[in-house]
Each structure stands twice: as C-alpha cells, then as structure tokens.
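Notes follow the structure.
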Amino acid sequence: MTCILVGLDGSTAGERALAYAKTMATLIGDCEITLAFVIDWSPYSFHTPDELAARHKRREQEIDKARAHVLSPAAEAARAEGYKVSEEVRHGDPAQLLNEIATAKGVTQIIIGRTGDGGLRERLFGSVSGKLVAAATVPVTIIP
C-alpha cells in the first residue's frame, strides 16, 4: 500500500494540502493518508523543575488541542469520504519530524501547504517548507 504524509497546521494552506492528497490517493487507489501535526518546540532551553512541570502540562494541552481541533476533524471527514487515514502529533522541529515520520512509515510523498508571511523570521531561519525540501528523503509537494 502506498502512503502519503500530509503536514497540517490548522491553516487553509493545510486544508488545500489535504485536498490535494485526497486527489492523489484517489488516483493511486490503495493508499493511506497520514495526517501529521508538529508543534514547533525547542528542546534547547534550561528550566527549573517547576518550569519543566508547567512545560510538560502545556505540551500535553497542545497535543490534545491539535488532535481535537485539527487532526481528528480532518481525519474523520476523510474517513467519511472513504479514505484510509492515520494521525501523528509530535513536538519538535517540524521539518525534521515530518521527514522522520515519512521515513518511519515508508511514505512515498510528503505534501504540505505553504504558509508564512515571508517576514524576518523566515529570512533569518528559513521556512518549514524550505528546510523540509532540503532535508527530505522522499519527494515533497508544496501547495500554495
């Protein structure tokens, strides 16, 4: 079975990426769509024990929120349309983790929506899509 990975972030660009993935899955036939939501989360900071406890609680809340508001509704709708769907929520660097998920699941393509305003942050640090294209081990399709 073929597997396509779709990076979702709750944006309309993510919705367009999922719509494109559904089109591709229909053309392929026997295809699973894996929906992934990666919460940008840096492990490189120092915290007190109290801050770590609060951070862990916030992390769990963000995972629940991502599932409830983005992944589960998208997955349920796709399943109702007849698609095979799995879900992944992770914390960390989005480009790195999308590539790790792709490798672990043996996906043939990653599809993401292009978001961002092209501001200073993207010019200094690069966009998720740019980093993913540079590091991915499978083809990446970026939906405008």
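Annotations for the structure displayed:
- Segment Glu60-Asp40, length gained on full extension (0.36 nm per residue, minus Cα span): 5.8 nm
- Here the simple spin-label model places points 7 Å from the Cα toward Cβ, and for Ser72 and Thr103 these points are separated by 3.2 nm.
- Label-to-label distance, Ala80 versus Ala135, with points set 7 angstrom from Cα along the beta-carbon direction: 3.6 nm.
- Net charge in the neighbourhood of Leu98 (other residues with Cβ under 15 Å of its Cβ; Lys, Arg +1, Asp, Glu -1) is -2.
- Within the set [x] 12.4; [y] 9.1; [z] 10.9, the number that mean projected area of the Cα convex hull in nm² takes when calculated for this structure is listed as [y].
- Residue exposure sequence - Leu8, Leu27 - by fewest surrounding Cβ within 10 Å: Leu27, Leu8
- Listed cross-link partners Lys105/Lys131; Lys22/Lys57; Lys57/Lys131 are compared with a 27 Å cut-off, the Cα-Cα value being larger for Lys22/Lys57; Lys57/Lys131.
Every number here is computed from the coordinates shown, using simple stated rules; none is lab data. In this text, all values refer to a predicted model and were calculated from it rather than measured experimentally. No Cβ is skipped: glycine too gets one built from the backbone with ideal geometry, and neighbour counts run over all protein chains shown.
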